[in-house]
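Student: Got a structure here, written out as structure tokens. Questions coming.
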Amino acid sequence: MKIYDTEGFPNPLRVRIALAEKGATNKVEFVPVDVMGGEHRSDAFKTKNPDATVPMLELDDGTCIAQCNAITEYIDGVFDGPSLMGTTPAERARIAMMNLRAENGLMNAVGAYFHHATPGLGPDLETWQCAEWGNKQKEVASATMAYLDSVLADNEFLAGDSFSVADITAFAGLGFADFAKVDIPESLTNLQAWRARVAARPSIAG
């Protein structure tokens, strides 16, 4: 199978961490996509992925799967190792809930701020911007950080006692926040401590 991505970008990072957690990094072929050059918007790429986004998974039979959550679900199901998505209905539901909160409230909110209220990826790629929307989403990201800190006051990880896809999404989201200069308040000590623990995992620290 192939993973089309741009190394160092936040959403591709989510898939790379999931692969590393499952010990499967060497079982896929990474195909670099020149996002800064607009390759993801080319007709050839959009034939595979109409979303025009990275990452994208292409299976050996030519099936293409886009969207991080869908890709991670496939990775979690096809490779051995502890599940990142949960094993019981209750676990799966809680992890899915926290993953969506981290994705919508942090990852996507930081992305909206970056693409709308800053120069983003430059005028050739940022063809429409709404600064008011972007700045509002920056507030959403800050509020979500505070919420995640409150969750971590009583839990080792975002969905309970086990590392999950929700932690991957939030970790990548905080990295994106650093890049976009959305400050993580020092007062959020639970979030800061969690981030340090996650950063030390072999799937991230190497």
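The values are calculated or read from the model by the stated rules, or taken from the named source; none is laboratory data. Note that the coordinates shown come from a computational prediction; the quantities given were computed from them, not determined experimentally. Positions of Cβ are generated from backbone atoms using ideal geometry, with glycine treated the same way; all protein chains shown enter the neighbour counts. Calculation scope for accessible area: heavy atoms of the full protein, side chains included, ligands and nucleic acids excluded. Shrake-Rupley method; radii C 1.70, N 1.55, O 1.52, S 1.80 Å.
Student: Rounded to whole Hz and in sequence order, give me ³J(HN,Hα) for the range 130-142 from the Karplus expression 6.51 cos²θ - 1.76 cosθ + 1.60, θ = phi - 60°, writing x for Gly and Pro.
Tutor: 9, 4, 4, 4, x, 5, 5, 5, 4, 5, 4, 4, 5
Student: Work out, in µm²/s and without decimals, the Stokes-Einstein translational diffusion coefficient of the range 2-78 at 25 °C, 0.890 mPa s, Rh from Kirkwood over C-alpha pairs.
Tutor: The Stokes-Einstein estimate is 198 µm²/s.
Student: State the number of lysine pairs found in the chain whose Cα atoms come within less than 26 Å, restricting to pairs 8 or more positions apart or on distinct chains.
Tutor: Pairs that pass both the separation and distance tests number 9.
Student: Suppose every Lys and Arg Cβ carries +1 and every Asp and Glu Cβ carries -1, with no other charges. What dipole size does the range 2-78 come out with about its Cα centre, to the nearest 20 debye?
Tutor: Magnitude of the dipole: close to 120 debye.
Student: Something else about it: Whole angstrom only: what separates the Cα centroid of the range 38-73 from the Cα centroid of the range 143-206?
Tutor: So the separation of the two Cα centres works out to 27 Å.
Student: Charges only on Cβ, +1 for Lys and Arg, -1 for Asp and Glu: so what's the dipole of the range 3-140 about the Cα centre, in debye to the nearest 20?
Tutor: Taking the Cα centre of the range 3-140 as origin, the dipole is about 480 debye.
Student: Next question, about the same structure. Under a crude label model (7 Å from the Cα following the beta-carbon direction), how far is residue 192 from residue 51 in nanometres?
Tutor: Each label point is offset 7 Å from its Cα along the Cβ direction, giving 3.4 nm.
Student: Not counting ligands, DNA or RNA, and with a 1.4 Å probe, what is residue 48's accessible surface area in Å² rounded to the nearest 10?
Tutor: Surface open to solvent at residue 48 totals about 80 Å².
Student: Along the range 84-92, what does the Karplus equation 6.51 cos²θ - 1.76 cosθ + 1.60 (θ = phi - 60°) give for ³J(HN,Hα), rounded to whole Hz, x for Gly and Pro?
Tutor: So the Karplus estimates, Gly and Pro as x, are 8, 10, x, 10, 9, x, 5, 4, 4 Hz.
Student: Let me ask something else. Where does the Debye-calculated log10 I(q)/I(0) of the range 43-101 sit at q = 0.14, 0.17 Å⁻¹, using only Cα point scatterers of equal weight, no solvent?
Tutor: Ignoring solvent entirely, the Cα scatterers give -0.49, -0.66.
Student: Starting from the residue with the highest accessible area, list 85, 107 in decreasing order, probe 1.4 Å.
Tutor: Values: 85 30, 107 5 Å².
In descending accessible area the options line up as 85, 107.
Student: Leaving ligands, DNA and RNA out of it, rank 167, 80 by accessible area with a 1.4 Å probe, largest first.
Tutor: 80, 167
Student: Follow-up. What figure in square angstrom, to the nearest 10, would you give for the accessible area of residue 28 with a 1.4 Å probe?
Tutor: 20 Å²
Student: In terms of the Cα gyration tensor, with a ≥ b ≥ c the square roots of its eigenvalues, is the range 156-198 rounded because a/c is under 1.5, prolate because a/b exceeds b/c, or oblate?
Tutor: Oblate shape, in that a/c is at least 1.5 and b/c is the bigger or equal ratio.
Student: Over the chain, with a Gaussian network built from C-alpha contacts below 10 Å, which listed residue (82, 50, 123) shows the highest mean-square fluctuation?
Tutor: Residue with maximal mean-square fluctuation among 82, 50, 123: 123.
Student: May I ask you to rank 76, 34, 60 by accessible area, largest first, using a 1.4 Å probe over the protein chains only?
Tutor: Solvent-accessible surface, decreasing: 60, 34, 76.
Student: Quick one: which residues, 5 or more positions from residue 121 or on another chain, have an amide H under 5 Å from its amide H? H modelled 1.01 Å from N in the peptide plane, none for Pro or chain starts.
Tutor: Here 126 satisfy the definition.
Student: Of all the accessible heavy-atom surface of the chain, with the other protein chains kept in place and a 1.4 Å probe, what percent is carbon and sulfur?
Tutor: So the carbon and sulfur contribution to the accessible surface is 53 percent.
Student: Still on this structure: How large is Rg over Rh for the chain, taking Rg from the Cα atoms and Rh as the Kirkwood inverse mean of 1/r across Cα pairs?
Tutor: 0.96
Student: What ³J(HN,Hα) values, in whole Hz, does the Karplus curve 6.51 cos²θ - 1.76 cosθ + 1.60 give for the range 199-206 when θ = phi - 60°, with x put for Gly and Pro?
Tutor: My calculation for the range 199-206 gives 4, 7, 5, x, 5, 10, 6, x Hz in order.
Student: If I stretch the segment between residue 146 and residue 7 completely, what's the gain in nm (0.36 nm per residue apart, minus their alpha carbon distance), one decimal?
Tutor: Numbers: separation 139, 0.36 × 139 = 50.04 nm, distance 2.86 nm.
Full-extension gain reported as 47.2 nm.
Student: For residue 30 paired with residue 133, estimate the spin-label separation in nm (one decimal), with each label point 7 Å from Cα along the Cα-to-Cβ line.
Tutor: 3.2 nm
Student: Further question: Consider all pairwise Cα distances in the range 89-200 and report the whole-number % of them above 15 Å.
Tutor: On the way: 3858 of 6216 pairs.
Considering the range 89-200, 62 percent of its Cα-Cα pairs are separated by more than 15 Å.
Student: Using protein chains only and a probe of 1.4 angstrom, how many square angstrom of residue 73 are accessible, to the nearest 10?
Tutor: Ignoring ligands and nucleic acids, residue 73 comes out at about 100 Å².
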